[in-house]
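These notes are about the structure you will find just below.
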Amino acid sequence: MHKLGKAAFFAAGLLILTACAPQPPDATGSKADEDTMRSGSAALIDAYSRGDVDAILAFMAEDAVVMPPGSPAAASREAVRRFYTTDIAVSAATTFELGASTTGVSGNVGWHSGDFTVKDTAGKVVGAGKFLEVWRKQDGKWLILRDMWNLDTPPASAAAPASPST
C-alpha cells in the first residue's frame, strides 16, 4: 500500500475510534442544574417547616424513595406522604438548616449532599448530620429520586435500664 494510502487509512481509523469513544456528559447548563438542586433542597426544607406535605411531594419523583434514619424506607408515593405527614407532626418544634454542600450532574442524574443542623424553638442546636439526595431530570424538571440523611450522633435515648439486683 502506498504511504499516502496508509496514512489516510490510519487517519480514518483514528476518526472512527474517536467517534466510538465514550463522550463526557454535556456540561451545558450543569451549573444551572446544580443551582436548581440546591434551591430545590432549600425550598423543600421551607415546605417542611411550613408543614406543607404537598409542596414537599412536588420536589419528589413519582418513584422517589425516602430513607430516613431509624425508620424503614418509604418506597411509594403514599408511603412518602405518610412519612412526611407523621414526621412533621412529631417535629413541629424543630427547624432544619442546610450547611455546606456539594452537587454534581452527569447527564440527567444529579446529586446534592452536605450537612444540616436541627434547632429547637429557642434556636439551640439539638442535632447535626449529613444528607444525600439523588435527583433525576425528567421532562425538563429536576426531581428527587432518592433522599437519605442521618445524624452525626445517636438521638438521645431513654434512661438506661437499671442494673439487675444481685
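The values are calculated or read from the model by the stated rules, or taken from the named source; none is laboratory data. As the structure is a computational prediction, the values presented were derived from the model and not from experiment. Positions of Cβ are generated from backbone atoms using ideal geometry, with glycine treated the same way; all protein chains shown enter the neighbour counts.
Name the pairs: first residue in segment 148-161 and in a loop (DSSP other than H, G, I, E, B), second residue modelled with pLDDT of 55 or more and surrounded by 10 or more Cβ atoms within 10 Å (Cβ to Cβ), Cβ to Cβ under 6 Å, at least 6 apart or on different chains?
Partner pairs satisfying both residue conditions: Asp152/Ala128; Asp152/Gly129.
Pull up segment 108-129, narrow it to residues that are over 10 Å from the mean Cα position of the chain (by Cα) and polar (S, T, N, Q), then point me to the one that is surrounded by the most Cβ atoms within 10 Å (Cβ to Cβ).
Taking the candidates together, the pick is Thr117.
If we keep just the residues of segment 37-72 that are in a loop (DSSP other than H, G, I, E, B) and under 14 Å from the mean Cα position of the chain (by Cα), which is surrounded by the fewest Cβ atoms within 10 Å (Cβ to Cβ)?
Taking the candidates together, the pick is Pro68.
Out of all the residues in segment 92-104, which are part of a strand (DSSP E or B) and farther than 18 Å from Leu44 by Cβ?
Gly104
Does Leu132 satisfy the condition of being surrounded by 14 or more Cβ atoms within 10 Å (Cβ to Cβ) and in a helix (DSSP H, G or I)?
Considered against the rule, which asks whether it is surrounded by 14 or more Cβ atoms within 10 Å (Cβ to Cβ) and in a helix (DSSP H, G or I), Leu132 comes out as no.
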